[in-house]
Ligand code: FRU
């Protein structure tokens, strides 16, 4: 290959080539105010981001009106990565206007340390030289920690899964997305779909911030009988608008969740309590009512409705139950059959090993009130790792399945994990159920069959960066995954103490946050016969095959673990199909 072509392809790989920036005119009007005039046929403006900077405020102006507002950490000294601003979509928001010009009106934040240290004049910021237009966005999966069989955002930050539903053979996953950077900001519902819960396709952003605020977490239901009047089979999404206060709003889709129209009479629920968010809706057959559960500070509020629009307060749940060491968030209410119910309550902070985690309550529900079956305040955790949060289930899943998806991170360090163009993944899908042990009810957690089926049935002799390891345990089983740098994760099952532990203190890169290197330990509620261990580049998820224990942890080995040692047990390794 000639040198020029080599350089060109390197530049292309690094995402540094766009169309010429001659179609962007820069005017620095003051130290804190810059205007960019973009006159282009291209699909995107690629905004250069430098993560250590603080946010600048961009207003996109089209034909004298603001069509979008966003916060971006524009590059001052160097570019960490680019984020796409879809100018084709923005230009189309005013149909009668044929002009290709949009203005980016930028309030530059000069407060942050990185700027003042560099003492660069605003006009010299790298962003103005490196901003460019492009018809494509970089979607290659090249980062070394990007998982192979877990859902990740194609670019940008992700936290909670939102609006999960299943319809006509397709699983829909919306997620808390920052389309303009790999830090939490500009909360928007990103949208991905899958037919097997393992391979996901990004469908674009579905619900964007508006005058009420940014779009926080929530749920979606398939309105089969047209209760809301938007049409049979319409998908109705409920989310929290986070602006001056947190309010519950709704939006509906008549194209199977691809695009949403916001309901004209939003908001549908308000409160004078500042933490009031993450509405989750279920159908309760006996009373023929929809039930909405929403978290408010440290308890849950339940409402009911016949038409999915007008909601009547039913009851509160939470005082005196479970952990109150943090704010209650992202609820779910699950009918486990035989009169047994599980109320899911994510909490941050207050997790068993610090930061965020998922607690739950078992009990009964009569359409009006959830009654916990335990008097004690003992907390039940759905997962005993450090990276399992905001877990909720899919609406309308086939055969009454309760398929749950966690956000695989922890608020303590989610913004510092060593990835770049994207941040965070979801855990593998899990099927939830109910079991009793010594007279107490628990929620069982098993890898969904789709996750098991992602692997070959033929075992191989060695560990690969993305594989499943099944281990038949004995009374004490120690499993160690390691690499040539002696970075390792040690997992210990001890039948006598009925515990399982995972030690990631020497797992590789751990120093990005003092809360990351930990040993997590779970009660196993009886014996474990078989452990199923899912390894994928930067995560290890361990399940008791019988569903009594789950543990989800991130790891960042500087090279993939390629050695497996099992002491007191028998392991089989299955490669990804
Ligand atoms: C949970 C959470 C939710 C909120 C969302 C905002 O992780 O704090 O309560 O809706 O994240 O992104």
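Summary of values
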| read-out | value |
| --- | --- |
| Spans of strands (runs of 3 or more DSSP E) in segment 519-563 with at least 3 residues crowded, with 23+ Cβ neighbours inside 10 Å, free of Cβ contacts under 8 Å to residues at least 60 places away in the same chain and at positive phi | none |
| Positions within segment 170-207 being within 22 Å of residue 68 (Cα to Cα) and in a loop (DSSP other than H, G, I, E, B), in sequence order | 179, 180, 181, 182, 183, 184, 185, 186, 187 |
| Exclusive hit being over 25 Å from residue 243 (Cβ atoms), surrounded by 15 or more Cβ atoms within 10 Å (Cβ to Cβ) and touching a strand residue (DSSP E or B) at 6+ places or on another chain (Cβ under 7 Å), set 102, 79, 83 | 79 |
| Odd one out for residue 497, checked against (1) touching a strand residue (DSSP E or B) at 6+ places or on another chain (Cβ under 7 Å); (2) closer than 26 Å to residue 568 by Cα | (1) |
| Segment 325-359, residues that are away from the ligand (no atom under 16 Å from the Cβ) and either over 27 Å from residue 223 (Cβ atoms) or out of contact with any strand residue (DSSP E or B) (no Cβ under 8 Å at 6 or more places or on another chain) (or both) | 338, 352, 353 |
| Residue list for segment 175-192, filter: away from the ligand (no atom under 14 Å from the Cβ) and without any contact (Cβ under 8 Å) to a residue 24 or more places away in the chain | none |
| Residue list for segment 208-225, restricted to those being part of a strand (DSSP E or B) and more than 17 Å from the chain's Cα centre (by Cα) | 210, 213, 221, 222, 223 |
| Any hit, segment 294-302, residues being under 23 Å from residue 431 (Cα atoms) and either within 14 Å of the ligand (Cβ to nearest atom) or modelled with pLDDT of 95 or more (or both) | yes |
| Selection status of residue 258, outside any strand (DSSP E or B), more than 26 Å from residue 391 (Cβ to Cβ) and more than 15 Å from the ligand (Cβ to nearest atom) | no |
| Selection count, segment 271-290, where residues are surrounded by fewer than 18 Cβ atoms within 10 Å (Cβ to Cβ), within 16 Å of the ligand (Cβ to nearest atom) and more than 16 Å from residue 316 (Cβ to Cβ) | 1 |
| Scan of segment 301-310 for residues that are within 22 Å of residue 213 (Cβ to Cβ) and crowded, with 21+ Cβ neighbours inside 10 Å, ordered by number | 301, 303, 308 |
| Test: residue in segment 426-439 that is surrounded by 19 or more Cβ atoms within 10 Å (Cβ to Cβ) and touching a helix residue (DSSP H, G or I) at 6+ places or on another chain (Cβ under 7 Å) | yes |
| Qualifying residue in segment 226-242 (condition: surrounded by fewer than 17 Cβ atoms within 10 Å (Cβ to Cβ) and in a strand (DSSP E or B)) | no |
| Filter result for the condition that a residue is within 22 Å of residue 59 (Cβ to Cβ) and surrounded by fewer than 21 Cβ atoms within 10 Å (Cβ to Cβ), over 213, 169 | 213 |
| Breaking point among (1) part of a loop (DSSP other than H, G, I, E, B); (2) over 30 Å from residue 283 (Cβ atoms); (3) in contact with a strand residue (DSSP E or B) (Cβ under 7 Å, 6 or more places away or on another chain), for residue 136 | (3) |
| Complete set of residues in segment 172-192 that are surrounded by fewer than 24 Cβ atoms within 10 Å (Cβ to Cβ) and in contact with a helix residue (DSSP H, G or I) (Cβ under 9 Å, 6 or more places away or on another chain) | 183, 184 |
| Residue tally, condition more than 16 Å from the ligand (Cβ to nearest atom) and either buried (at least 18 other Cβ atoms within 10 Å of the Cβ) or free of Cβ contacts under 8 Å to residues at least 12 places away in the same chain (or both), over segment 243-255 | 3 |
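Residues checked against (1) buried (at least 18 other Cβ atoms within 10 Å of the Cβ); (2) farther than 20 Å from residue 430 by Cα:
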position	(1), (2)
322	yes, yes
334	yes, no
340	yes, no
360	yes, no
371	no, yes
375	no, yes
378	no, yes
384	yes, no
394	yes, no
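The values are calculated or read from the model by the stated rules, or taken from the named source; none is laboratory data. Being a predicted model, the structure only gives us computed values, none of them experimental. Glycine also receives a Cβ, built like all others from the backbone with ideal geometry; neighbour counts cover every protein chain displayed.
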